Amino acid sequence: MADQYARTGEGRRATGIPVIRWEEPPEGPVLVLLDQTRLPAEEVERVCTDAPALVEAIRSLAVRGAPLLGVAGAYGVALAAARGFDVDEAADALVGARPTAVNLAVGVRRALDAHRAALAGGGGLREAAQAALAAARAMHREDIDASARMAEHGLALLDELLPGGGHRVLTHCNSGALVSGGEGTAFAVALAAHRAGRLRRLWVDETRPLLQGARLTAYEAARHGMAYTLLTDSAAGSLFAAGEVDAVLIGADRIAADGSVANKVGSYPLAVLARYHHVPFVVVAPGTTVDAQTPDGASIEVEQRPGYEVTEIPVPQVPVTGAGGGVPVAPLGTQAYNPAFDVTPPKLVTAIVTEEGAVSPVTAEALAELCGGSRRPALD
């Protein structure tokens, strides 16, 4: 495994720094990532020279977010092929890096299929590597386009649900440019509302245990000059009770065929609160996140994260003593329950928005029609 760090140019902004890019220096191809574990304190890039380095970057959440993981998975296969490593072995390792996010497997499959097709067609290893890279680049471009279309469809739906503008939107985790080749999923809708002058307030859940709302969504909102307020996850109920939330917008890491939605843990309680308070609960995700091979929510494998992500807090510039490299906030030996995701049933989802449009109410039939059939993320 080989990776290294390179600090980004002074004064550059998150929306101006590519979250992922392919480069070909004289010593060989590399995949360059904006290391999201270092945000918001510093903007640092992580350079991966092989698939194991990318696997570690995925597991550590240096690169994260369903759409971006799909792009990263495709580039990972291309990187293994270009570097002359075992492509099938690299593909298996990449798919296993994070089991819940279906886009990762979709991206790996797409580049792997292109690589195999080139070999089967009589091409050599060089041609097969180029085919894998072309597939990854195509997926990257499509993700950028999908992001823009989701923002358009999402804003139209928001305006339909909440006529008159002045939207007060609550979001959870991070679903902006840091998870996408474009401007994101759910956050992109809020950003579109902001640009149209129709966003009154973006409520940002801090999103325990990794604080991806506080560290990343607030970071992006500040860069765009959006009116935003950060809150603890447990404070969301008081916001609903006070009538301060007009809609909830979240992304997704996997959507089952029946419309069940796996997203960062804490999303399901928001759906329950939204239903009780008659507030729209809208999921925004690309079609690649809809997995026709997963029939329902009970079939979604939920990733379990290390306990130290709950029992410790990473604090830059402060001496650390915890096993995970953070400052302990619980007694030594405390056990922690730390699922990365929870699953929201379709009956609690007002609408699902993809680049192809929106479905509401959410049913298996409507979702299948919108997304145009199944995708096969599993590897042979």
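The values are calculated or read from the model by the stated rules, or taken from the named source; none is laboratory data. Computed from a predicted structure; not experimentally measured. Here Cβ is always computed from backbone atoms with ideal geometry, including for glycine, and neighbour counts include all displayed protein chains.
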Review point. Based on what the data block shows, is R215 of a type in the set (K, R), farther than 23 Å from R149 by Cα and outside any loop (DSSP other than H, G, I, E, B)?
Key: yes
Check your understanding: Here are L79, L112: which of them is farther than 30 Å from P314 by Cβ and either touching a helix residue (DSSP H, G or I) at 6+ places or on another chain (Cβ under 7 Å) or not polar (S, T, N, Q) (or both)?
Key -> L112
Review point. For segment 233-258, which residues satisfy the criterion of being in contact with an Asp or Glu (Cβ under 9 Å, 6 or more places away or on another chain) and either at positive phi or not assigned by TED's automatic domain parsing to the domain that holds L210 (or both)?
Key: none
Study note, to complete from the structure: How many residues of segment 136-168 are of a type in the set (D, E, K, R), farther than 27 Å from G73 by Cα and assigned to a helix (DSSP H, G or I)? The answer is 2
Practice item. Please go through segment 341-366 and pick out each residue that is under 19 Å from L161 (Cα atoms), among the charged types (D, E, K, R) and surrounded by fewer than 21 Cβ atoms within 10 Å (Cβ to Cβ). Key: K347, E356
Exercise for review: Please give the number of the condition W203 fails out of (1) more than 21 Å from A285 (Cα to Cα); (2) part of a strand (DSSP E or B).
Suggested key: (1)
Study note, to complete from the structure: When segment 111-126 is checked residue by residue, the ones that are within 20 Å of P29 (Cα to Cα), in a helix (DSSP H, G or I) and not basic (K, R) are A111, L112, A114, H115, A118, L125
Check your understanding: Yes or no: P209 under 20 Å from the mean Cα position of the chain (by Cα), more than 29 Å from D35 (Cα to Cα) and either at pLDDT below 95 or of a type outside the set (G, A, S) (or both)?
Key -> no
**Study point:** Filtered residue count, segment 62-86, keeping only those that are of a type outside the set (G, A, S) and surrounded by fewer than 24 Cβ atoms within 10 Å (Cβ to Cβ)
**Key:** 3
Check your understanding: Among the residues of segment 95-102, is there at least one that is outside the structural domain of T294 (by TED's automatic domain parsing) and either surrounded by fewer than 16 Cβ atoms within 10 Å (Cβ to Cβ) or over 22 Å from A252 (Cα atoms) (or both)?
Key -> yes
**Study point:** Among the residues listed as A222, A242, A192, A218, the single one being hydrophobic (A, V, I, L, M, F, W, C), more than 30 Å from R137 (Cα to Cα) and surrounded by fewer than 24 Cβ atoms within 10 Å (Cβ to Cβ)
**Key:** A242
